[in-house]
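Colleague: Please read through the structure below; I'll follow up with questions.
Values in this text are rule-based calculations from the coordinates and carry no lab data. Not measured: the values here are computed from a predicted model. Quick reminder, even Gly has a Cβ in these numbers, built from the backbone with ideal geometry, and neighbours come from all protein chains shown.
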Amino acid sequence: MSTAVAIDPRLDLFEEIARLKKEKNAVILAHYYQDADIQDIADFIGDSLQLSQEAAKTNASIILFAGVHFMAETAKIISPSKKVILPDMAAGCSLADSCPPAAFKAFKDKHPDHVVVSYINCSAAIKALTDIVCTSSNAEKIIESIPTDKKIIFAPDRNLGAYLKKKTGRDMVLWDGACMVHEIFSLEKLLRLKERYPEADVLAHPECEAAILDHADFIGSTTAILNYALQSTKQQFIVVTESGILHQMKKAAPEKEFIPAPPNANCACNDCPHMKLNTLEKIYLCLRDESPEIILDEKLRLEASASIERMLAISK
Ligand code: 13P
Ligand code: SF4
């Protein structure tokens, strides 16, 4: 039975979600890549680091994660006493999927004496094989916290890894993974946009390929990109990340112009198909039924939590 059939069409989903949140002491944490409506009903919107910090400190009994599976799983690892629910369990992540645990364990074994730093976009099993987790907003700080005589493995994103190698000067061994959304931006189309908007600053996420990052005026996490655009005196910005971020940009600075960078495919902007699986209808059902719920094996949770706790301690 489809979601649409299961819901009474007369229901005002905005009101129902607000009622359920209050009734159940639930909080909605949303990532910037969610649809505008979802961002508007969220209690907190942030980048991956801010969302994990919020999950660690919330007093709510239920965390509804409007994001993808690894984000909700991270919330459960940090806050095991809370019920963590995800509107659609199929909301995965191509980057997390590009790093299967058994293959990564073999890779790690080939590089003994290396400190393992993993981007938060990975499974609990990878986090359990990791020394320190990082996000795009604290990755440099995390790498710099590691003594210079230590060798480093960086996983799973080869693009963020290459960017960090350049930024920090550290020679890291990279896992060969990537994000399907950030890898398909078209350099040719970006260069054409730059010609059309010569005054615009190019703002890019470090999950993009080096050829794209070479043309960026600013590189950072979703929150950092948003803050840069709001604080800048410039009026036009070419935004090279998932298009969901444009909602907060337009809301906070309606007088400025935000131009989404197009992918290789024949469309104007770039959506993450996993992030976009979440809908208001699924959020309503998820809150009503308190399902689907993230359930984690306690041994795995404990093994995975140490690498996240280290990140949170360094990021304070
Ligand atoms: P940040 O919001 O931490 O920059 O992450 C981007 C992303 O791709 C999340 O899946
Ligand atoms: Fe994963 Fe990329 Fe989607 Fe983020 S945008 S959830 S990294 S596939």
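Colleague: Once each part is reduced to its C-alpha centroid, what is the distance from segment 245-296 to segment 130-148 in angstrom?
Modeller: Taking the Cα centre of each part, segment 245-296 and segment 130-148 sit 27 Å apart.
Colleague: At what distance in nm do the modelled label points of residue 22 and residue 176 sit from each other, each positioned 7 Å from its Cα along Cα→Cβ?
Modeller: Simple spin-label model gives 5.5 nm for this pair.
Colleague: Would you mind working out the magnitude of the charge dipole of the chain relative to its Cα centre, with +1 at each Lys and Arg C-beta and -1 at each Asp and Glu C-beta, to the nearest 20 Debye?
Modeller: Taking the Cα centre of the chain as origin, the dipole is about 600 debye.
Colleague: What FRET efficiency comes out for residue 150 versus residue 313 if R0 is 25 angstrom and r is the Cβ-Cβ distance? Round to the nearest 0.05. Can you show the working numbers first?
Modeller: Working: r = 18 Å, r/R0 = 0.71.
Plugging the Cβ-Cβ distance into 1/(1 + (r/R0)^6) gives 0.90.
Colleague: Distance between the C-alpha centers of segment 162-184 and segment 1-72? Whole Å please.
Modeller: What the calculation gives is 31 Å, centre to centre.
Colleague: Specify which residue in the list 295, 279, 306 is farthest towards the positive end of the charge dipole of segment 265-306, using unit charges on the beta carbon of Lys, Arg (+1) and Asp, Glu (-1), about the Cα centre.
Modeller: 279
Colleague: In percent, how large is the relative contact order of the chain, given Cα pairs closer than 8 Å and 6 or more residues apart? Can you show the working numbers first?
Modeller: Values: 616 pairs, mean separation 71.9, N = 316.
So the answer I get is 23 percent.
Colleague: Sticking with this structure for a sec: Among 190, 211, 241, which residue has its Cα positioned farthest towards the positive end of the charge dipole of segment 127-284, with +1 placed on the Cβ of Lys and Arg, -1 on the Cβ of Asp and Glu, and the dipole taken about the Cα centre?
Modeller: Of the listed residues, the answer is 241.
Colleague: Turning to a different aspect of this structure: Just the number, please: percent antiparallel of the DSSP beta bridges in the chain, rounded to the nearest 5. Working shown, then result.
Modeller: Values: 2 of 35 bridges.
For the chain, the DSSP antiparallel bridge percentage is about 5.
Colleague: Would you mind working out the magnitude of the charge dipole of segment 1-124 relative to its Cα centre, with +1 at each Lys and Arg C-beta and -1 at each Asp and Glu C-beta, to the nearest 20 Debye? Don't jump to the answer; show the numbers that get you there.
Modeller: Working: 12 positive and 16 negative charges, 113 e Å.
Dipole about the Cα centre, nearest 20: 540 debye.
Colleague: Let me know the charge dipole size of segment 117-179 about its Cα centre in debye, to the nearest 20, where only the beta-carbon of Lys, Arg (+1) and Asp, Glu (-1) is charged.
Modeller: On the way: 9 positive and 7 negative charges, 18 e Å.
I would put it at about 80 debye.
Colleague: Taking only Cα atoms and a 10 Å spring cutoff, compute GNM fluctuations for the chain and point out the largest among 221, 52, 79.
Modeller: In the Gaussian network model the winner is 79.
Colleague: Can you tell me how segment 25-69 classifies by the Cα gyration tensor, rounded, prolate or oblate, using a/c under 1.5 as the rounded cut?
Modeller: Working: a/c = 1.94, a/b = 1.30, b/c = 1.49.
It is oblate, given that a/c is not under 1.5 and a/b is not larger than b/c.
Colleague: Compute and list, largest first, the equivalent-ellipsoid semi-axes of the chain from the alpha carbon gyration tensor, each √(5λ) rounded to a whole angstrom. If you can, show how the numbers build up before the last one.
Modeller: On the way: eigenvalues 177, 151, 55 Å².
In descending order the semi-axes read 30, 27, 17 Å.
Colleague: Place +1 on the Cβ of every Lys and Arg and -1 on the Cβ of every Asp and Glu in the chain, take the dipole about the Cα centre, and give the residue among 265, 169, 91 whose Cα lies farthest towards its positive end.
Modeller: Most positive-ward Cα: 169.
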